[in-house]
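Okay, so here's the structure we're looking at.
The values are calculated or read from the model by the stated rules, or taken from the named source; none is laboratory data. Note that the coordinates shown come from a computational prediction; the quantities given were computed from them, not determined experimentally. Reconstructed Cβ throughout: ideal geometry from the backbone, glycine too, with neighbour counts over all protein chains shown.
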Amino acid sequence: MIKVYGIKNCNSMKKAFDLLNELGLSYEFHDYKKQGIDAETVQKWLNDLGAELVLNKKGTTWRKLSEEDQQTALASEQGLIEALTTHTSLIKRPVITTESGYVVGFDENAIRALKK
């Protein structure tokens, strides 16, 4: 089962949805703007993928955080989990989970490989 995490109105998400639909892959969508994201899921992603892959430092949400909030987020795993669950836009999009692993960010080749 493919599960796609992200926000509906995001260019990377729209490209991912379009490609998944083009490939005829069925998926479940989790909109963490509307549904939120739990600390356990974020913890699993951090364990499996690492903070560098999960945390989106290029987005406006990160830049809008005060330097103090950024430092708190980076100081400990708990601080990072708190920041990611509070400010879900800090999570790179999309996060696609499959039985065989993850695709983080829009990666056309990796998404196409899900079809095989």
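Kindly evaluate ASP69 against the criterion of being in contact (Cβ under 8 Å) with a residue 12 or more places away in the chain, surrounded by fewer than 14 Cβ atoms within 10 Å (Cβ to Cβ) and either assigned to a loop (DSSP other than H, G, I, E, B) or not aromatic (Phe, Trp, Tyr) (or both).
For ASP69, the condition - in contact (Cβ under 8 Å) with a residue 12 or more places away in the chain, surrounded by fewer than 14 Cβ atoms within 10 Å (Cβ to Cβ) and either assigned to a loop (DSSP other than H, G, I, E, B) or not aromatic (Phe, Trp, Tyr) (or both) - is not met.
Let's see how each residue does on (1) closer than 17 Å to SER100 by Cα; (2) more than 11 Å from the chain's Cα centre (by Cα):
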{"residue": "MET1", "(1), (2)": "yes, yes"}
{"residue": "ILE7", "(1), (2)": "no, no"}
{"residue": "GLY24", "(1), (2)": "no, yes"}
{"residue": "TYR27", "(1), (2)": "yes, yes"}
{"residue": "ALA39", "(1), (2)": "no, yes"}
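Take SER12 and decide whether it is over 12 Å from the mean Cα position of the chain (by Cα) and of a type in the set (Ser, Thr, Tyr).
On the way: over 12 Å from the mean Cα position of the chain (by Cα): no; of a type in the set (Ser, Thr, Tyr): yes.
When the stated conditions are applied, SER12 does not pass them.
Can you name the residue in the range 89-106 that is on the phi < 0 side of the Ramachandran plot, of a type outside the set (A, V, I, L, M, F, W, C) and touching a strand residue (DSSP E or B) at 6+ places or on another chain (Cβ under 9 Å) and, of all such residues, is surrounded by the most Cβ atoms within 10 Å (Cβ to Cβ)? Can you show your working first?
Of all residues in the range 89-106, those on the phi < 0 side of the Ramachandran plot come to 89-100, 102-104, 106.
So of that shortlist, the ones also of a type outside the set (A, V, I, L, M, F, W, C) come out as 89, 92-94, 97-100, 102.
From what's left, touching a strand residue (DSSP E or B) at 6+ places or on another chain (Cβ under 9 Å): 92-94, 97-99, 102.
Values: LYS92: 22, ARG93: 22, PRO94: 28, THR97: 22, THR98: 15, GLU99: 6, TYR102: 15.
Among those that are on the phi < 0 side of the Ramachandran plot, of a type outside the set (A, V, I, L, M, F, W, C) and touching a strand residue (DSSP E or B) at 6+ places or on another chain (Cβ under 9 Å), it is PRO94.
I'm checking my understanding of the structure. Among residues of the range 63-114 that are among the basic types (Lys, Arg) and touching a Gly at 6+ places or on another chain (Cβ under 8 Å), which one is nearest to GLU22 (Cα to Cα)?
The first filter runs over the range 63-114 and keeps only residues among the basic types (Lys, Arg), leaving 63-64, 92-93, 112.
After this cut, where a residue has to be touching a Gly at 6+ places or on another chain (Cβ under 8 Å) as well, the list is 92-93.
Working: LYS92: 22, ARG93: 19 Å.
So the residue we want is ARG93.
Say we look at the range 45-64 and pick out the residues that are in contact with a Ser or Thr (Cβ under 9 Å, 6 or more places away or on another chain) and assigned to a loop (DSSP other than H, G, I, E, B); which of these is nearest to GLY101 (Cα to Cα)? First the steps, then the outcome.
Initial filter on the range 45-64 (in contact with a Ser or Thr (Cβ under 9 Å, 6 or more places away or on another chain)): 45, 56, 59-62.
When the remaining residues are screened for being assigned to a loop (DSSP other than H, G, I, E, B), the result is 56, 59.
On the way: ASN56: 20, GLY59: 25 Å.
Result: ASN56.
From the set of residues in the range 3-23 that are assigned to a loop (DSSP other than H, G, I, E, B) and touching a Lys or Arg at 6+ places or on another chain (Cβ under 8 Å), which is nearest to ASN109 (Cα to Cα)?
Of the residues in the range 3-23, the ones assigned to a loop (DSSP other than H, G, I, E, B) are 7-10, 23.
Still in the running and touching a Lys or Arg at 6+ places or on another chain (Cβ under 8 Å): 7-8, 10, 23.
Details: ILE7: 21, LYS8: 22, CYS10: 19, LEU23: 12 Å.
Checked the range 3-23; the qualifying residue nearest to ASN109 (Cα to Cα) is LEU23.
Would you check which residues across the range 29-44 are at pLDDT 95 or above, part of a loop (DSSP other than H, G, I, E, B) and buried (at least 17 other Cβ atoms within 10 Å of the Cβ) and list them?
ILE37
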